[in-house]
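Novice: Below: one structure in structure tokens.
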Amino acid sequence: MISKSRWKLLAMLALVLAVMVWYSISREDRYIELFYFPIPEKKEPCFRGEAERKASKIFGNHSRDQPLFLQLKDYFWVKTPSAYELPYGTKGSEDLLLRVLAITSYSIPESIQSLECRRCVVVGNGHRLRNSSLGDTIDKYDVVIRLNNAPVSGYEDDVGSKTTMRLFYPESAHFDPKVENNPDTLLVLVAFKAMDFHWIETILSDKKRVRKGFWKQPPLIWDVNPKQIRILNPFFMEIAADKLLSLPMRKIKQKPTTGLLAITLALHLCDLVHIAGFGYPDAYNKKQTIHYYEQITLKSMAGSGHNVSREALAIKRMLEIGAIKNLTYF
């Protein structure tokens, strides 16, 4: 028979457990309320300049006069000096960049430029997109921005099929540009180092391929129209690193992820910005896959030069001030 003292101890333990469960549930409810935006039945109203106005609480008064993409005229007719080397500037890479800009383009499609209010969604690669059935919702946005080698083919129900822009770097270019994109998709190169310019030049000009200088071998054959290629303005890398992550540039090797760059770009281009498929499993969760399309875990991020914890805080901050809204749990 259990003594009274033991009954009291068990009762206290049960009470503590009940409080912990209640706190966990209520905390989760608040968490979802703050960072989850239910899919609207109708298009959410779009107000010109709204995203920029809200984002200014973090970014300050950075100008929309900054071009999204690097332009030939800034390196040919009037040489624009850069204070930083890649990935935060173009210092030391100007001649190589000039050759790349001579065979690519920098324009934004008129179909986007002419919009009175631009509704954009940045589609991350996260596991949260699996079985989300967000495909039709994603395809209704004016601008759909995708990342790296994330596939569309075979995942249309969850991620849609429309791709306005795809940000990538050489090591992440292992996708078929024609299968995983639309004919008018802009392929936006994020240059982290001078060899990235060298790689795209050899691909587009069919020169001798470069095999060294990459942490992973990029494609040697890449069937793409040069006029689809754009070079991302390093300004956005600088802004993301400085304003969102508070990284001391040129002092540490950490850099923003392509996803955070895409959000930064979207806040510059768009009037309404939603995100989907962002967020990583908790650090203790060693088995949960991080992408919707492949079986890799958080362990693969080790040594990547990205601080996912700091980026999570930056995204939560943008969600809290309403600069962005989330279509999936974060």
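The values are calculated or read from the model by the stated rules, or taken from the named source; none is laboratory data. Quantities reported herein were computed from a predicted structural model and do not represent experimental measurements. Note that we place each Cβ from the backbone using ideal geometry, even for glycine, and neighbour counts take in every protein chain shown.
Novice: Quick one: would you say K299 is of a type in the set (D, E, K, R), over 27 Å from T90 (Cβ atoms), at pLDDT below 90 and outside any loop (DSSP other than H, G, I, E, B)?
Specialist: Numbers: of a type in the set (D, E, K, R): yes; over 27 Å from T90 (Cβ atoms): yes; at pLDDT below 90: yes; outside any loop (DSSP other than H, G, I, E, B): yes.
It is true that K299 is of a type in the set (D, E, K, R), over 27 Å from T90 (Cβ atoms), at pLDDT below 90 and outside any loop (DSSP other than H, G, I, E, B).
Novice: Within the set of pairs 6 or more residues apart or between chains, which connect a residue that is under 16 Å from P183 (Cβ atoms) inside the stretch 91-112 to a residue that is of a type in the set (K, R) with Cβ atoms less than 6 Å apart?
Specialist: S105/K227
Novice: If you take the residues of the stretch 69-93 that are more than 22 Å from the chain's Cα centre (by Cα) and of a type in the set (V, I, T), which of them is nearest to F235 (Cα to Cα)?
Specialist: Looking at the filtered set, the residue picked out is T80.
Novice: Identify all residues within the stretch 138-154 that are within 15 Å of G277 (Cα to Cα) and surrounded by 17 or more Cβ atoms within 10 Å (Cβ to Cβ); write none if there are none.
Specialist: Going through the stretch 138-154, the residues within 15 Å of G277 (Cα to Cα) turn out to be 138-139, 144-152.
Residues satisfying the conditions are I138, V144, I145, R146, L147, N148, N149, A150, P151, V152.
Novice: When the stretch 120-137 is examined, which residues are found to be crowded, with 18+ Cβ neighbours inside 10 Å and within 17 Å of L272 (Cβ to Cβ)?
Specialist: C120, V121, V122, V123, L134
Novice: Moving to a separate point now. Please work out which residue is modelled with the highest pLDDT, limiting yourself to the stretch 47-104 and to residues that are of a type in the set (A, V, I, L, M), part of a loop (DSSP other than H, G, I, E, B) and over 21 Å from I200 (Cα atoms).
Specialist: Step one: list which residues in the stretch 47-104 are of a type in the set (A, V, I, L, M), which gives 51, 55, 58, 68, 70, 72, 78, 83, 86, 96-98, 100-103.
Right, trim to part of a loop (DSSP other than H, G, I, E, B) and you get 68, 70, 72, 78, 83, 86, 102-103.
Narrowing further to those that are over 21 Å from I200 (Cα atoms): 78, 83.
Details: V78: 66, A83: 87.
Across the stretch 47-104, the extreme among qualifying residues is A83.
Novice: Say we look at the stretch 245-269 and pick out the residues that are closer than 17 Å to G322 by Cα and touching an Asp or Glu at 6+ places or on another chain (Cβ under 8 Å); which of these is surrounded by the fewest Cβ atoms within 10 Å (Cβ to Cβ)?
Specialist: Residue satisfying both the conditions and the ranking: H268.
Novice: Without any contact (Cβ under 8 Å) to a residue 60 or more places away in the chain, surrounded by fewer than 23 Cβ atoms within 10 Å (Cβ to Cβ) and on the phi < 0 side of the Ramachandran plot: which single residue out of E201, E238, E180 fits that description? Quick ask: steps written out before the conclusion?
Specialist: Values: E201 fails: without any contact (Cβ under 8 Å) to a residue 60 or more places away in the chain; E238 fails: without any contact (Cβ under 8 Å) to a residue 60 or more places away in the chain.
Of the residues listed, the single one that is without any contact (Cβ under 8 Å) to a residue 60 or more places away in the chain, surrounded by fewer than 23 Cβ atoms within 10 Å (Cβ to Cβ) and on the phi < 0 side of the Ramachandran plot is E180.
Novice: A further question on this structure: I'm told R128 meets every condition in (1) touching a His at 6+ places or on another chain (Cβ under 8 Å); (2) at pLDDT below 95 except one. Can you identify the failing condition by its number?
Specialist: All conditions are met except number (1).
Novice: Check the stretch 156-165 and report whether any residue there is in a loop (DSSP other than H, G, I, E, B), at negative phi and touching a residue at least 60 places away in the same chain (Cβ under 8 Å).
Specialist: At the first step, the residues of the stretch 156-165 found to be in a loop (DSSP other than H, G, I, E, B) are 160-164.
If we keep only those that are at negative phi as well, we get 161-164.
Next cut, touching a residue at least 60 places away in the same chain (Cβ under 8 Å) only: none.
No, the stretch 156-165 contains no residue that is in a loop (DSSP other than H, G, I, E, B), at negative phi and touching a residue at least 60 places away in the same chain (Cβ under 8 Å).
Novice: Let me ask another. Can you tell me which residue within the stretch 244-261, out of those that are among the polar types (S, T, N, Q) and in a loop (DSSP other than H, G, I, E, B), is modelled with the lowest pLDDT? Spell out the reasoning first.
Specialist: So in the stretch 244-261, the residues among the polar types (S, T, N, Q) come out as 246, 254, 257-258.
Cutting the leftovers down to in a loop (DSSP other than H, G, I, E, B) gives us 246, 254, 257.
Details: S246: 90, Q254: 79, T257: 94.
Ranking the qualifying residues of the stretch 244-261, first place goes to Q254.
Novice: Say whether the condition of being in the same structural domain as I275 (by TED's automatic domain parsing) and not in a loop (DSSP other than H, G, I, E, B) is met by at least one residue in the stretch 209-227.
Specialist: Taking the stretch 209-227 first, the residues in the same structural domain as I275 (by TED's automatic domain parsing) are 209-227.
Among the residues that remain, those that are also not in a loop (DSSP other than H, G, I, E, B) are: 226-227.
Within the stretch 209-227, one or more residues are in the same structural domain as I275 (by TED's automatic domain parsing) and not in a loop (DSSP other than H, G, I, E, B).
Novice: Search the stretch 90-114 for residues being small (G, A, S) and surrounded by fewer than 19 Cβ atoms within 10 Å (Cβ to Cβ), and hand back the single one that is farthest from A194 (Cα to Cα).
Specialist: As a first pass, look at the stretch 90-114 and keep what is small (G, A, S): 92-93, 102, 105, 107, 111, 114.
Filter again for surrounded by fewer than 19 Cβ atoms within 10 Å (Cβ to Cβ), leaving 92, 102, 105, 107, 111, 114.
Working: G92: 8, A102: 16, S105: 19, S107: 23, S111: 32, S114: 34 Å.
Only one residue fits best here, namely S114.
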